[in-house]
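Presented below is the structure to which this report refers.
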Amino acid sequence: EVLRVGSSRPWQEVLQDLTGSNTLDARPLLDYFQPVSQWLQEQNQRHGEVLGWPEYQWRPPLPDGYPEGIDLVTDEAEAGAFVEEYDRVYQVVLNEYVEASWNHNTNITSETSRILLQKHMQMANHSLKYGLRARRFDVTHFQNTTTKRIMRKVQDLEHAALAPEELEE
């Protein structure tokens, strides 16, 4: 009888005819499953389990063979702090490299060449260290486009991923 009405009447009217009330109420279902709910609560207390995720960054343990990427950090504030740290350190490393490059280009000697190579290696090490750390972040849904852009750039290791011997060439 209820299905025969189809969509010709509002569902609230049909519900009123069927149950005597025009609103949905989950209380009967909760009452029905109350013994199971009570048992689950007791089991959680007995085994020290906590409902939900009480720690902000808690992640469930991942089984072997689980797809990659599920454990990436999506906290945009943490990424912003990472970008600030990266930039602060990068400015120092880059400045030292530029000074060494200038010194070498204005006074080409084996000593300035050695120093330039050393600073180049420091730049590569910086890129590798921060690039690997940046790869822990999933920036897909970040709202701050600047943070997103910088993180993607830092995640690209470029020549820093080369072996030290190849970098020296």
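Quick note: the coordinates plus some simple rules give every number you see, no bench work behind them. Please read all numbers here as calculations on a predicted model, not as lab measurements. Cβ coordinates were reconstructed from backbone atoms using ideal geometry, including for glycine residues, and neighbour counts include every protein chain displayed.
Things to note:
- If the segment from E13 to T106 were pulled out straight at 0.36 nm per residue, it would be longer than the present Cα-Cα gap by 24.6 nm.
- At R0 = 30 Å, FRET efficiency that the Cβ-Cβ distance of A26 and H141 yields, to 0.05: 0.40
- Only Lys, Arg (+1) and Asp, Glu (-1) charged, at Cβ; region 1-47 dipole about Cα centre in debye: 120
- Cα lying deepest toward the dipole's positive end in region 1-47, options N22, L40, W11, charges on Cβ: L40
- Size descriptor, Kirkwood hydrodynamic radius, that averages inverse alpha-carbon separations across region 1-47, Å: 13.3
- For V73, distant residues with modelled amide H under 5 Å away: F137, D138
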